[in-house]
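For reference, the structure discussed in these notes is given below.
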Amino acid sequence: MAVTLILPLSAPLGVGRIVAVDEESRAVRIRDLTTGVVYRVPGSVLPELGALPWRGRVEACTVLATEEGVVTELVLDAVPGGAVDLRGSAIALEGASAAAAAAKAQAAVWGGTDRPPQEETPRFW
């Protein structure tokens, strides 16, 4: 579920960062979980966000300088309840495990580890 937030402040967040969104004393708190930077915005400024808290991954971030001030457009791939979808990393680990198994199989075939070493014949010069 993609959520677009228009924030009346400068909040440059990198794409792929994971943020936590929750309420704190009638303000919405957006916390970058990687750096720990917290952005607080009055709840009346933002649209209805649904059930808080939740976490999300930053899909896009645009910081605009206007005549009225700075505005940040933040697009989050939100997961309600605070769970973040990490299936991409699990798929990458499965691929890495398969590649390691294939490399071991090739090393066993080409490395000669399955046969005893041959004795060298004596050389005459």
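The values are calculated or read from the model by the stated rules, or taken from the named source; none is laboratory data. Note that the structure is a prediction, hence the values are computed from the model and not measured. Virtual Cβ from ideal backbone geometry, glycine too; neighbours counted across all protein chains shown. For accessibility, only protein heavy atoms count, side chains too; no ligands or nucleic acids. Shrake-Rupley method; radii C 1.70, N 1.55, O 1.52, S 1.80 Å.
Annotations
- Restricting V58, V75, V63 to residues that are at pLDDT 80 or above, open to solvent by less than 70 Å² (accessible area, probe 1.4 Å) and touching a Pro at 6+ places or on another chain (Cβ under 8 Å) narrows the list to V63.
- Scan segment 31-49 for residues that are at pLDDT below 85 and either loosely packed, with under 11 Cβ neighbours inside 10 Å or β-branched (V, I, T) (or both) and the total you get is 7.
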